Protein chains: 2
Amino acid sequence: MNLEISSLSNGLTIITDPMASLESAALGVWVGTGSRQESRPEMGISHMLEHMAFKGTATRSARAIAEEIEAVGGYLNAYTSREQTAFHARVLKNDVPLALDIIADILVNPAYDAAELERERQVVLQELGQARDTPDDIVFDHLHAQVYQGQALGWPILGEESSVTAFTPAMLRDYSARQYRADGLVLVSSGAVSHAAILKLAEEKFAGLSAGTPGAAPSAHYVGGELRAVEDLEQAHITYGFPGVSARDSDFYAAQLYATILGGGMSSRLFQEVREKRGLCYSVYAFVNNFQDTGFTGIYVGTGPDEAGQVSAVIAGEMDGMTRDVSDAELSRAKAQLKSGLLMGLERPGSRAEQIAGQIFTLGHVQSVSEIIARVDAVDAAAIKSYAARTMAMPSIAAVGPIQKLETLERFSTRFASSTTFGQAAE
Amino acid sequence: MNLEISSLSNGLTIITDPMASLESAALGVWVGTGSRQESRPEMGISHMLEHMAFKGTATRSARAIAEEIEAVGGYLNAYTSREQTAFHARVLKNDVPLALDIIADILVNPAYDAAELERERQVVLQELGQARDTPDDIVFDHLHAQVYQGQALGWPILGEESSVTAFTPAMLRDYSARQYRADGLVLVSSGAVSHAAILKLAEEKFAGLSAGTPGAAPSAHYVGGELRAVEDLEQAHITYGFPGVSARDSDFYAAQLYATILGGGMSSRLFQEVREKRGLCYSVYAFVNNFQDTGFTGIYVGTGPDEAGQVSAVIAGEMDGMTRDVSDAELSRAKAQLKSGLLMGLERPGSRAEQIAGQIFTLGHVQSVSEIIARVDAVDAAAIKSYAARTMAMPSIAAVGPIQKLETLERFSTRFASSTTFGQAAE
């Protein structure tokens with residue numbers, strides 16, 4: 001990567017990542033604010049703001065925004081997570097100025113029209129319904145709610161029917177004025193782009209962006225708990241959570257490698273034991289979610305009503321095994337998976353831009369590829385075993401479906417004898 | 001693209017698509033057989049064969065397959081569709097020979113071990129359960145079953161519990177011997193690959209592949225019908241089907257542009273009318289499914305119980321409008337969307353390899369990018385309006401959820417006065 005980085009006088013960070021071989025580009029603005037910055041009445045407002053950005057500006061109607069970008073075959077999209085909101089586009093080389101103009105316009109000059117809000121509220125309520133109809137989606141909301149009980153980080157990104165119904169244009173403007181401030185935004189472009197051209201355009205188009213620093217999120221820590229929703233489904237959708245580390249932690253890559261060995265691919269322990277050897281499921285995997293100041297280890301398994309009575313013991317057994325031995329072959333395989341994923345991601349402008357933005361928010365700078373590879377290579381089996389031992393304290397369970405036979409959290413907890421844990425969990 | 005094409009003496013087609021700027025490659029074998037080639041007792045066997053390919057060969061255990069590819073950070077996957085089965089890998093440049101070796105091994109020397117089949121049967125039954133828990137997935141199976149009623153093309157790719165339960169190793173071997181024959185397979189690689197090296201390896205590794213031509217699929221045609229499954233869900237997941245054209249039809253790109261204008265993006269008529277203006281849904285879109293000898297136009301909308309009573313009229317109105325006028329701006333926008341999608345897809349080795357394989361099966365040759373662009377550009381508004389008029393005959397409906405207020409197919413059909421249709425529908 002040959003990154004060029006500048007800042008506008010209002011504080012907006014601009015990072016350009018040219019890729020000589022490409023005829024297209026990915027560009028977007030990543031906003032370092034998401035659902036964890038919300039107060040309770042604002043639950044879901046980051047996501048509603050994301051939607052409303054497309055509903056018109058001072059000079060463009062919603063239809064004009066859609067038509068202008070699609071007239072050049074471009075693709076404009078957005079997403080909201082717990083810590084970020086992103087507005088991004090994929091366009092051919094010559095259409096980068098248009099995409100930048102539209103993204104700047106929807107961020108700097110949103111109309112937040114009351115009639116548009118009424119209509120978009122209905123759309124978001126429909127989106128909520130769609131999420132509830134997808135059990136292997138909604139179960140992760142339940143898991144976050146248990147892991148971060150009583151904290152904004154545990155709230156659903158889409159909000160709840162009651163909060164979404166109460167949003168007003170004034171609330172949108174308040175939240176936007178507080179959070180959409182130049183210090184908290186980064187404009188990243190990867191692909192067929194030139195820094196000078198992007199910078200010149202951005203100076204003009206983002207001039208109206210409010211300077212200053214956005215409101216910080218309340219700190220969060222692992223609490224843990226259990227949510228069981230018995231529903232008439234074919235499958236029991238079961239998730240487990242355990243204390244982990246933040247994205248800034250020195251054990252970040254140990255956590256990634258732990259999840260890869262435990263349940264990251266076809267050769268992982270969970271895939272081999274739960275699916276291949278016992279045929280208990282189609283999907284099983286482990287993951288780590290790492291936020292700015294906290295994180296957790298997670299496991300998902302989708303299984304039948306009877307099998308739901310068996311999986312917890314098998315999973316606890318595999319987690320326990322990780323504390324005792326991690327083979328050289330497993331560790332080297334997990335490192336190869338992480339590194340090749342990184343190298344292949346470098347070939348896609350969209351994933352490069354997203355990676356760059358994420359590192360800016362987490363670390364304050366962009367790590368070079370060789371730096372990341374060195375950090376991955378530095379992790380030894382002892383670090384993985386130590387992570388394995390510490391993450392086993394204080395499990396959480398969230399499950400949806402025919403889960404009558406799934407053992408309780410109380411019973412599941414007794415399977416984990418370890419008493420050491422991560423600092424944050426003991427807070 | 002600078003394709004090089006060769007054939008082995010057994011008939012296997014080998015296509016290499018080098019991309020100078022890449023350090024990684026996508027490669028795979030696409031098999032021109034899928035669920036439409038199955039007899040009724042074989043329902044789901046193409047998909048089961050795909051699974052069993054990973055369960056061991058004459059010299060590799062299931063675990064060895066997973067470990068070998070992941071040891072180099074590679075990624076091996078497969079999918080089954082109604083007309084194809086694909087086994088593909090993403091690897092770094094130096095690991096192309098390993099990936100090719102493994103793909104050849106699982107295709108040429110599968111073990112089809114009885115004990116492994118028992119276990120994998122449980123996995124597939126779990127996968128069936130997972131699909132049934134995803135209403136906006138399963139509803140498309142129901143739509144295919146209505147559109148191609150009584151024909152293998154309308155069967156579910158995963159099969160049914162009764163068929164999956166009855167598979168034996170002998171059935172797998174029979175089906176494989178009949179369908180996995182060199183004339184019906186194509187090995188495609190895109191990215192950091194050289195034709196000479198691939199060809200040399202393939203000659204050795206695919207030498208054991210049976211020569212000959214696979215069994216042909218029975219021809220299929222649009223029949224149409226209605227499936228309503230009232231279920232206790234948040235949303236009504238509604239799909240509509242209408243007669244369309246095959247992937248070989250001269251109107252193929254007219255059909256694609258029709259679907260793009262009607263419901264292909266944020267500026268499309270359905271998105272603007274159903275979501276943006278009326279707030280009736282979060283998701284609405286149109287698509288065309290084009291098979292070798294038949295095809296259909298489809299629409300999906302996910303909406304609430306009350307809104308389910310309104311959407312049919314709105315959709316019928318928009319479809320009717322497409323028969324009367326298609327503006328220059330809309331047509332040019334849809335062309336730009338199709339063309340830029342094509343150009344951006346060219347930057348990803350995985351999508352290039354998949355495109356190449358698909359064109360070989362459909363057209364018998366690979367179209368150049370300029371050829372495709374010329375065909376897209378040649379479509380005029382008259383061709384779109386003609387497609388619009390012809391597709392409106394004989395609608396189908398498949399819907400899942402709180403659909404009590406959704407109007408019947410009988411009522412919906414009266415909204416379409418047109419009597420002209422595509423040849424195949426009148427068969």
Hits in region A:148-174 (condition: surrounded by fewer than 18 Cβ atoms within 10 Å (Cβ to Cβ) and within 26 Å of A:Met392 (Cβ to Cβ)): A:Gln149, A:Gly150
Is it the case that region B:219-234 has a residue that's in contact with a Lys or Arg (Cβ under 8 Å, 6 or more places away or on another chain) and away from chain A (no Cβ under 14 Å)? yes
Which fully enclosed strands (runs of 3 or more DSSP E) of region B:1-108 have 1 or more residues being on the phi < 0 side of the Ramachandran plot and crowded, with 22+ Cβ neighbours inside 10 Å? B:13-18, B:24-31, B:75-80, B:85-92
Have a look at B:Ser340, B:Ser396 and point out the one that is within 23 Å of B:Glu273 (Cβ to Cβ) and under 24 Å from the mean Cα position of the chain (by Cα). B:Ser396
Of the residues B:Ala398, B:Ala388, B:Ala383, B:Ala425, which is modelled with pLDDT under 95 and surrounded by 19 or more Cβ atoms within 10 Å (Cβ to Cβ)? B:Ala425
Restricting attention to region A:376-418, which residues are among the basic types (Lys, Arg) and under 21 Å from A:Met322 (Cα atoms)? A:Lys385, A:Arg390, A:Arg411, A:Arg415
Residue under question is A:Val188, and the condition is that it be touching a residue at least 60 places away in the same chain (Cβ under 8 Å) and under 21 Å from the mean Cα position of the chain (by Cα); does it hold? yes
Go through region B:3-34 residue by residue and tally those that are away from chain A (no Cβ under 14 Å) and under 17 Å from B:Leu100 (Cβ atoms). 16
Boolean, B:Thr260 is β-branched (Val, Ile, Thr), over 30 Å from B:Met19 (Cα atoms) and within 19 Å of the chain's Cα centre (by Cα): no
Quickly run through region A:16-46 and pick out the residues that are among the aliphatic types (A, V, I, L, M) and modelled with pLDDT of 95 or more. A:Met19, A:Ala25, A:Ala26, A:Leu27, A:Val29, A:Val31, A:Met43, A:Ile45
Note on B:Phe271: of the conditions (1) at the interface with chain A (Cβ under 9 Å from one of its Cβ atoms); (2) over 21 Å from B:Val379 (Cα atoms); (3) over 24 Å from the mean Cα position of the chain (by Cα), unmet is (3)
Could we say that A:Thr408 is at pLDDT below 95 and outside the structural domain of A:Ala20 (by TED's automatic domain parsing) here? no
Taking the criterion of being facing chain A (nearest Cβ under 10 Å) and either in a loop (DSSP other than H, G, I, E, B) or crowded, with 24+ Cβ neighbours inside 10 Å (or both), would at least one residue in region B:313-326 satisfy it? no
Here's a check for you: in region B:284-312, which residue that is out of contact with any helix residue (DSSP H, G or I) (no Cβ under 7 Å at 6 or more places or on another chain) and part of a helix (DSSP H, G or I) is farthest from B:Phe271 (Cα to Cα)? B:Gly309
So, in region A:375-393, how many residues would count as being outside any loop (DSSP other than H, G, I, E, B), aliphatic (A, V, I, L, M) and touching a residue at least 60 places away in the same chain (Cβ under 8 Å)? 5
Please indicate, with yes or no, whether at least one residue in region B:118-127 is more than 10 Å from chain A (Cβ to nearest Cβ) and either crowded, with 23+ Cβ neighbours inside 10 Å or not hydroxyl-bearing (Ser, Thr, Tyr) (or both). no
Show the residue pairs that are 6+ apart or on different chains and have beta-carbon atoms under 7 Å apart, the first residue being within region B:247-260 and among the hydrophobic types (A, V, I, L, M, F, W, C), the second being in a loop (DSSP other than H, G, I, E, B). B:Ala247/B:Phe291; B:Ala247/B:Gln292; B:Phe252/B:Val245; B:Ala254/B:Val379; B:Ala255/B:Gly244; B:Ala255/B:Val245; B:Leu257/B:Val379
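Every residue, every condition in (1) of a type in the set (Gly, Ala, Ser); (2) more than 11 Å from chain B (Cβ to nearest Cβ); (3) more than 24 Å from A:Glu276 (Cα to Cα), yes or no:
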| site | (1), (2), (3) |
| --- | --- |
| A:Gly309 | yes, yes, no |
| A:Ala329 | yes, no, no |
| A:Ser332 | yes, no, no |
| A:Leu346 | no, no, yes |
| A:Gly350 | yes, no, yes |
| A:Glu354 | no, yes, yes |
| A:Ile360 | no, yes, yes |
| A:Arg375 | no, yes, yes |
| A:Thr391 | no, yes, yes |
From the option list A:Gly73, A:Gly34, A:Gly44, single residue qualifying as in the same structural domain as A:Phe140 (by TED's automatic domain parsing), touching an Asp or Glu at 6+ places or on another chain (Cβ under 6 Å) and not basic (Lys, Arg) is A:Gly34
Selection from region A:274-306 of residues small (Gly, Ala, Ser), surrounded by 23 or more Cβ atoms within 10 Å (Cβ to Cβ) and either without any contact (Cβ under 8 Å) to a residue 24 or more places away in the chain or within 14 Å of chain B (Cβ to nearest Cβ) (or both) yields A:Gly302
Going residue by residue through region B:245-256, is there one that turns out to be of a type outside the set (A, V, I, L, M) and within 14 Å of chain A (Cβ to nearest Cβ)? yes
Of the numbered conditions (1) within 30 Å of A:Ile397 (Cβ to Cβ); (2) crowded, with 21+ Cβ neighbours inside 10 Å; (3) touching a Phe, Trp or Tyr at 6+ places or on another chain (Cβ under 9 Å), A:Ala145 fails exactly one; give the number of that condition. (2)
Which of (1) within 21 Å of the chain's Cα centre (by Cα); (2) in a loop (DSSP other than H, G, I, E, B) is the odd one out, the single condition A:Tyr112 does not satisfy? (1)
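The values are calculated or read from the model by the stated rules, or taken from the named source; none is laboratory data. The shown structure was predicted, so the numbers you read here are calculated from the model rather than taken from an experiment. Neighbour counts run over all protein chains shown; Cβ positions are idealised from the backbone, glycine included.
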